[in-house]
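Worksheet for the structure shown next.
The values are calculated or read from the model by the stated rules, or taken from the named source; none is laboratory data. Just so you know, these numbers come straight off a predicted model, no measurement behind them. Quick note on the areas: whole protein, heavy atoms, side chains included, nothing else; ligands and nucleic acids left out. Shrake-Rupley method; radii C 1.70, N 1.55, O 1.52, S 1.80 Å.
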Amino acid sequence: MYKNIFKPVLDLIFSLVAFIILLPMFLILILFFTIANNGKPFFFQTRPGKNNRVFKIVKFKTMNDRKDSNGNLLADEDRLTSIGRFVRKTSLDEIPQLLNVIKGDMSLVGPRPLLIEYLSLYDEDQVRRHEVRPGITGWAQVNGRNAISWQEKFRLDVWYVDHISLLLDIKIICLTIVKVFKSEGITSEKSVTIEKFEGNQER
């Protein structure tokens, strides 16, 4: 009953309240990112949600579009702006996703929405992460975030699907707040962004 009835209602209520509280910060960041990214403060990308339904996620655009002499985008670490680095460290780049929660595309807590191209790479257990709405934060995020392997992330995502409850969601939100203040697990050792999932041959 919680997963199908109470959780969506609580998501809507708390995301609306959070967005209203964070609105001044939201508007200030829009201004900074508009300046940093030549009038483009937001990053939009299609992602698969519950039951693989595709939606458009919105985040602050933390990397610019600088290219090399051949017209190719520079490496992520070269395109990450100063304001982008700050909001990633503080997780403020996730604020716009409250709008995704309000729309019903996402939940406050759930497996993170990943790239559509990964759908064909999941095994029959990993794909179960799409049995629930994706979240702004999740069990994998408070247990390593970008510092753990893809296989461990998926294992934690599926564990969450099987154990979803109000108390677990409250625990995840509390742990998320602690992680944000400690800036733990934000990036992997190899890049400012997480490496792409290449399939289960990585095991």
Quiz item: Given that compact globular proteins tend to follow 2.2 N^0.38 Å, what is the ratio of the alpha-carbon Rg of the chain to that value?
Solution: 1.02
Self-check item: Accessible area per residue, Å², the stretch 59-168 with all protein chains present, probe 1.4 Å
Solution: 44 Å²
Quiz item: By how many nm would the segment from LEU27 to GLU131 grow when fully extended, if each residue of separation counts as 0.36 nm and the alpha-carbon distance is taken off?
Solution: 34.1 nm
Exercise. Mind putting together the pair-distance distribution for the stretch 42-118? All Cα pairs, 5 Å bins, whole percent per bin, short to long.
Key: 3, 14, 21, 21, 18, 13, 7, 2, 0
Quiz prompt | Contour excess over end-to-end distance, with Cα ends at THR46 and ILE173 and 0.36 nm allotted per residue | solution = 43.2 nm
Practice problem: Per DSSP H run of n ≥ 4, the term is -39500 (n - 2.57); total these for the chain, divide by its residue number, and report the mean residue ellipticity at 222 nm rounded to 500 deg cm²/dmol. | Solution: -13000 deg cm²/dmol
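If you count the DSSP beta bridges with both ends in the chain, what percent of them are antiparallel, to the nearest 5?
Values: 9 of 11 bridges.
Counting only bridges with both partners in the chain, antiparallel ones make up about 80 percent.
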